[in-house]
Amino acid sequence: MLNDYRKDLENAKYAVEAQGLVKTFGDHRAVDGVDLKVPTGSIYGVLGPNGAGKTTTIRMLATLLRPDSGEAKIFGYDAAKDSQIVRQLIGVTGQYASVDESLSATENLIIFSRLLGLSRQEAKRKANELLEEFGLMEAAKRPLKNFSGGMRRRLDLAASLIAQPPLIFLDEPTTGLDPRTRNQMWDTIRRLVKSGSTVLLTTQYLQEADELADRIAVIDRGRVVAEGTVNELKESIGTSSLHLSIQNNQDAKNARMIVERVLEVQSAVSPEGGMITAPMASADRVTDLLVALREEGIQLAELSVQKPSLDEVFLTITGEGLNESQAQLHDQKGGNN
Ligand SMILES: Nc1ncnc2c1ncn2[C@@H]1O[C@H](COP(=O)(O)OP(=O)(O)O)[C@@H](O)[C@H]1O
Ligand SMILES: [Mg+2]
């Protein structure tokens with residue numbers, strides 16, 4: 001069935017082309033006009049905090065939820081009008097809930113394979129191959145109900161790969177996983193793309209997007225607030241981030257101005273505790289900054305240079321911290337998932 005569409009897929013520049021997607025739940029606009037363009041053959045990261053609208057966006061792209069307005073094209077096919085075709089072109093993790101919790105991992109994978117039309121022998125081979133690849137061999141014979149969260153996640157991804165869909169949606173594939181399992185997932189995702197698939201993944205971790213994604217869309221409260229290659233995004237937020245606090249509070253304003261001048265940033269943010277935070281193009285700038293501060297006789301209490309966190313990305317892009325943003329989300333919604 002897939003072969004009928006292969007040619008179109010090869011010709012399609014974009015695996016995903018979404019315009020103006022909107023989804024409102026009650027009076028809350030969970031997705032508020034999202035545009036996305038995912039180049040075919042790439043890994044695309046949708047980065048955002050809890051409640052930003054990532055899952056809702058994916059569900060609309062994957063034909064699982066109808067947008068209130070806007071449109072989504074998957075390899076040129078309209079997700080609403082050509083949903084039957086689109087469904088054959090995509091894999092969504094989380095969609096493959098287990099067939100039977102009392103069956104083993106192997107048995108579940110074999111059933112999926114059989115459902116997709118593989119012969120008994122092919123199904124068995126495929127199941128073993130995937131279990132091996134995902135490091136689930138030891139657990140292969142155990143019933144699913146005894147699987148840990150991480151094992152389930154891997155089995156879920158394995159199941160979604162049986163059909164080798166051209167476009168794979170991974171919704172927070174590594175949230176809550178231990179570092180070793182997370183690294184395995186990253187390797188698997190990279191291999192998927194090497195073998196020809198396009199991957200759209202959502203994440204709450206800047207580091208994950210940085211590791212994996214060719215391009216990133218930063219999403220906040222249902223809107224794309226920044227988009228570009230990882231390098232473009234890094235240039236806008238700096239590759240490192242400066243945190244400094246000073247001894248005398250009366251110097252705060254002056255210190256902040258010096259930081260802005262020396263680091264050439266629009267606005268260094270000084271959140272609670274008198275800590276000044278600013279993105280830095282390069283960690284070397286710290287020397288210039290120290291000299292400038294000393295010339296002005298400003299004494300430091302503390303200074304550190306760190307990799308920017310997701311929080312700082314938001315701070316830089318929206319001028320507002322993630323916590324403030326989430327607090328507002330709580331006010332609006334009385335909670336989030
Ligand atoms: N089925 C639903 N009904 C009502 N509100 C929803 C529903 N799904 C999501 N939301 C709300 O929409 C917002 C975005 O949710 P979601 O897309 O799950 O965000 P994310 O995946 O980025 O955490 C949240 O405020 C969430 O509570
Ligand atoms: Mg989600």
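All of the numbers you see were taken from the coordinates with simple rules; none came from a lab. Every value quoted in this text rests on a predicted model; they were computed, and no experiment measured them. Using ideal geometry, Cβ is built from the backbone for each residue, glycine included, and neighbour counts are taken over all protein chains shown.
For the stretch 2-235, the residue among N231, Y14, N183 whose Cα projects farthest onto the positive side of the dipole built from Cβ charges is N183. Simple spin-label estimate for D78 and N231 gives 3.9 nm between the two label positions (7 Å along the Cα-to-Cβ direction from each Cα). At an R0 of 45 angstrom, the distance between the Cβ atoms of S42 and Q250 translates into a FRET efficiency of 0.30. Peptide packing: for 68-78, 250-260, 284-294, the average count of neighbouring Cβ atoms within 10 Å per residue gives the ranking 68-78, 250-260, 284-294, highest mean first. Dividing the summed helix terms, -39500 (n - 2.57) for each DSSP H run of n ≥ 4, by the number of residues in the chain produces a 222 nm estimate of -12000 deg cm²/dmol to the nearest 500.
Classify the stretch 73-181: rounded, prolate or oblate, from the alpha-carbon gyration tensor (a ≥ b ≥ c, eigenvalue square roots; a/c under 1.5 rounded; otherwise prolate if a/b is larger than b/c)? Oblate, because a/c is 1.5 or more while a/b does not exceed b/c. Approximating the spin labels as points 7 Å out from Cα along Cα→Cβ, the R191-to-A292 distance works out to 4.9 nm. Measuring nothing but how far apart in sequence close Cα pairs (under 8 Å, 6+ apart) lie, relative to its length, the chain scores a relative contact order of 18 percent. Note on E122 and H28: the model spin-label points, each 7 Å out from Cα along the C-beta direction, lie 4.5 nm apart. Take every DSSP beta bridge whose two residues both sit in the chain; close to 70 percent of them are antiparallel. Taking a 24 Å limit on the Cα-Cα distance, which of the listed pairs K124/K145; K141/K194; K23/K307 fall beyond it? The pairs that break the limit, which is 24 Å between Cα atoms, are K141/K194; K23/K307.
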